[in-house]
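> One structure, pasted below without further comment.
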Amino acid sequence: MAADKQNEAKVSPMDENKENLSDGGLGLEILQIIKESQQQHGLRHGDYQRYRGYCSRRLRRLRKTLGFKMGNRHKFIGKKITVEMLSDSRYLLLVLMEAERAWSYAMQLKQEANTEPRKRFHLLARLRKAAKHSEKLEKLCESHRVDAKTKLEAQAYTAYLSGMVEFELQEWKRAMEAFNKCKTIYEKLASAFTEELAVLYRQRVDEISPNIRYCAYNIGDQNAINDLMQMRLTGGGGGMMAEKLEALITQARTKQAATMSEVEWRGRTVPVKIDKARIFLLGLADNEAAIAQASNEETKEHLYETLLAECRDTIQAVREELKSEAKQRERSTDADSGKVSNLQFLHSYLTYIKLCTLVKRNESMAHTLQDKLKEPETDESKRGPRPQDLIRLYDIILQSLAELSTLQGLEDDHTFQKEVSLKTLVYKAYRCFFIAQSYVLVKKWSEALVLYERVLKYAKEVQSKSKSLNNSLKDLPDVQELIAKVNAEKYSLQAAAILDTDETAEVPSQQQVKDNTPLCNRLETFRLDPALVGKQPNLVQFPPDFQPIPCKPLFFDLALNHVAFPPLDDKVEQKGKGGLTGYIKGIFGFGS
């Protein structure tokens with residue numbers, strides 16, 4: 001409550017600045033004021049009670065500021081705003097807030113009327129009150145003191161609330177006329193003013209369009225149902241139109257369900273006797289087509305949830321029938337008691353639809369998260385998507401596939417079991433890939449590398465098994481693209497591991513075993529070696545080892561053994577005979 005009052009204090013001066021004089025007349029931006037007030041005070045979350053409280057407090061402040069008090073503390077004295085009093089645009093704002101207060105109370109009662117039908121009478125009374133206040137505002141705006149734009153906006157606002165009253169009363173023709181008048185005025189205003197205001201007017205036109213088509217359908221225009229379905233795909237028809245549109249679609253399918261008697265699946269024809277199952281199976285193709293044509297992820301998610309809710313309700317109805325059938329079987333002795341009954345096979349078919357829809361929904365969410373992972377983070381304070389989020393989605397997909405393989409009646413269908421096992425391998429590969437990426441984020445390089453190798457193993461196994469089941473790969477993610485992605489990630493992982501010198505202490509000891517083999521001799525083997533980025537990297541062996549080389553050939557002179565050399569005795573110096581005398585001469589050098 002305190003936060004609301006602070007917001008009001010900030011909003012009120014801004015709104016009052018918009019209530020300006022233009023072209024010599026009073027001006028009031030009716031649609032802009034109510035849209036901003038609604039978004040800031042509860043309607044962003046559908047809290048009409050909070051918005052009604054804001055309108056009451058705003059009215060009290062306006063009356064106090066203008067001196068327009070309705071009596072005193074002890075006695076109420078009613079007053080009416082007249083044309084002569086229009087000296088300030090806040091008098092128009094006063095009537096506008098009265099209409100908004102009554103309208104928000106009516107919408108609050110509409111939410112409560114789902115469980116308490118008696119509140120519908122009070123709802124209609126408050127809607128009529130809101131329309132009465134809007135007519136009063138339109139009448140005041142007819143004065144020459146008010147500018148032309150405010151007159152048109154007041155007429156459109158009155159037409160909108162009058163159309164809401166007639167819509168609740170199921171007076172389709174009058175409601176359609178009122179909504180068409182409102183739509184025409186807003187379209188004209190959108191083409192005449194600035195782009196900022198034009199966006200607001202176009203949004204109001206988009207809100208009104210589903211109501212107009214729904215009125216046309218109830219009047220008798222059968223083509224309007226197609227327009228309503230298209231609006232459902234684009235996300236239109238929110239609020240009170242959403243429930244009416246779903247009820248209308250169910251009603252149309254109920255009329256067609258009388259012609260449906262059986263369904264064929266996995267080579268077996270099963271009679272469908274339960275009306276709820278007929279309605280669901282008739283709308284299955286339409287729902288799948290609507291999901292395929294959805295314009296944005298939010299609409300697609302809403303359609304998936306609607307389809308799953310319908311499927312769960314149908315399975316519950318079939319399960320109730322199965323209980324009664326089981327009791328009848330216990331009383332009678334059937335020869336075919338071991339065979340899966342038609343009702344049980346129908347239950348398996350509906351369960352198959354539910355599980356396949358779950359797989360598709362989670363796969364769609366996974367694709368959205370993958371696209372967000374590729375985008376750079378703009379806001380660091382806000383937590384973005386992470387690979388761990390994708391792991392959880394693929395866990396749910398694998399759990400759904402495990403349930404598919406245990407469906408009753410399909411245990412002996414070998415083709416079906418092979419298709420399920422092939423899909424399981426594909427999603428295991430993707431799950432393993434994102435587990436590896438989560439390890440990369442925490443710099444556990446060796447674990448990530450092992451997981452990448454396992455992804456390649458799964459992918460190659462899928463490729464080898466898919467040759468006999470080509471049709472099963474149509475709705476599955478592309479495995480070849482995953483292989484290319486893994487190969488690219490492996491190289492960047494190895495580079496990041498080598499460059500990461502700050503975290504070498506956390507590397508497992510197995511990867512830090514010293515090996516004296518130089519890098520040039522082990523280029524094909526990845527191993528973390530902190531020495532490579534140190535001061536003495538072991539890149540090549542220096543000095544290099546000696547290697548054997550071929551020597552020059554040896555030549556042997558064989559002819560020398562057969563050559564007789566001449567005597568050289570006359571050339572050899574003869575040893576002299578000097579005795580002791582010669583020895584003494586030799587010492588002192590006399591004989592030389």
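The values are calculated or read from the model by the stated rules, or taken from the named source; none is laboratory data. Quick caveat: nothing in here was measured; it's all calculated off a predicted structure. Quick reminder, even Gly has a Cβ in these numbers, built from the backbone with ideal geometry, and neighbours come from all protein chains shown. When the accessible area is computed, the model is the full protein with side chains, heavy atoms only, and any ligands, DNA or RNA have been set aside. Shrake-Rupley method; radii C 1.70, N 1.55, O 1.52, S 1.80 Å.
> Suppose we keep only residues that are in a loop (DSSP other than H, G, I, E, B) and under 14 Å from the mean Cα position of the chain (by Cα) within segment 374-395. Which one would you say is modelled with the lowest pLDDT? Walk me through it before giving the result.
Of all residues in segment 374-395, those in a loop (DSSP other than H, G, I, E, B) come to 375-386.
Next, only the ones that are under 14 Å from the mean Cα position of the chain (by Cα) stay: 375, 384-386.
On the way: GLU375: 75, GLY384: 68, PRO385: 74, ARG386: 81.
Here the residue is GLY384.
> If you don't mind, another one. So LEU410 ticks every box in (1) free of Cβ contacts under 8 Å to residues at least 60 places away in the same chain; (2) under 27 Å from GLU310 (Cα atoms) but one. Which box is left unticked?
Failing condition for LEU410: (1).
> I'd like the full set of residues that are of a type in the set (Lys, Arg) and open to solvent by 80 Å² or more (accessible area, probe 1.4 Å), limited to segment 54-65.
Filtering segment 54-65 down to residues of a type in the set (Lys, Arg) leaves 57-58, 60-61, 63-64.
Listed by number, the residues that qualify are ARG60, ARG61, LYS64.
> Among the residues of segment 477-531 satisfying the criterion of being surrounded by 11 or more Cβ atoms within 10 Å (Cβ to Cβ), among the basic types (Lys, Arg) and over 17 Å from VAL440 (Cβ atoms), which is modelled with the highest pLDDT?
Checking each candidate, the answer is ARG522.
> Would you be able to say whether some residue in segment 403-422 is of a type outside the set (A, V, I, L, M, F, W, C), open to solvent by less than 30 Å² (accessible area, probe 1.4 Å) and farther than 29 Å from GLU321 by Cβ?
No, segment 403-422 contains no residue that is of a type outside the set (A, V, I, L, M, F, W, C), open to solvent by less than 30 Å² (accessible area, probe 1.4 Å) and farther than 29 Å from GLU321 by Cβ.
> Working only within segment 293-322, note down all residues that are within 26 Å of GLU262 (Cα to Cα), out of contact with any Leu (no Cβ under 9 Å at 6 or more places or on another chain) and at pLDDT below 85.
Correct list: THR306 only.
> Does LEU109 fit the bill of being out of contact with any strand residue (DSSP E or B) (no Cβ under 7 Å at 6 or more places or on another chain) and either under 21 Å from GLY46 (Cα atoms) or not in a helix (DSSP H, G or I) (or both)?
Values: out of contact with any strand residue (DSSP E or B) (no Cβ under 7 Å at 6 or more places or on another chain): yes; either under 21 Å from GLY46 (Cα atoms) or not in a helix (DSSP H, G or I) (or both): yes.
When the stated conditions are applied, LEU109 passes them.
> Within segment 118-146, work out how many residues are buried (at least 19 other Cβ atoms within 10 Å of the Cβ) and either among the β-branched types (Val, Ile, Thr) or not in a helix (DSSP H, G or I) (or both).
1
> Report whether or not LEU473 is aliphatic (A, V, I, L, M), under 20 Å from GLU419 (Cα atoms) and at pLDDT below 65.
yes
> Can you tell me which residue is surrounded by the fewest Cβ atoms within 10 Å (Cβ to Cβ) among those in segment 151-177 that are under 18 Å from GLY27 (Cβ atoms) and touching a Ser or Thr at 6+ places or on another chain (Cβ under 8 Å)?
Going residue by residue through segment 151-177, those that are under 18 Å from GLY27 (Cβ atoms) are 151-158.
So of that shortlist, the ones also touching a Ser or Thr at 6+ places or on another chain (Cβ under 8 Å) come out as 154, 157-158.
Details: ALA154: 26, TYR157: 28, THR158: 24.
Taking the candidates together, the pick is THR158.
> Take the conditions open to solvent by 20 Å² or more (accessible area, probe 1.4 Å) and not acidic (Asp, Glu) and apply them to TYR51. Does it pass? Talk me through it step by step, then tell me what you get.
Values: open to solvent by 20 Å² or more (accessible area, probe 1.4 Å): no; not acidic (Asp, Glu): yes.
Taking the combined requirement at face value, the residue does not satisfy it.
> Given TYR439, TYR394, TYR452, TYR430, which one is without any contact (Cβ under 8 Å) to a residue 40 or more places away in the chain and either at negative phi or of a type outside the set (Lys, Arg) (or both)?
Values: TYR394 fails: without any contact (Cβ under 8 Å) to a residue 40 or more places away in the chain; TYR452 fails: without any contact (Cβ under 8 Å) to a residue 40 or more places away in the chain; TYR430 fails: without any contact (Cβ under 8 Å) to a residue 40 or more places away in the chain.
Unique residue meeting the criteria: TYR439.
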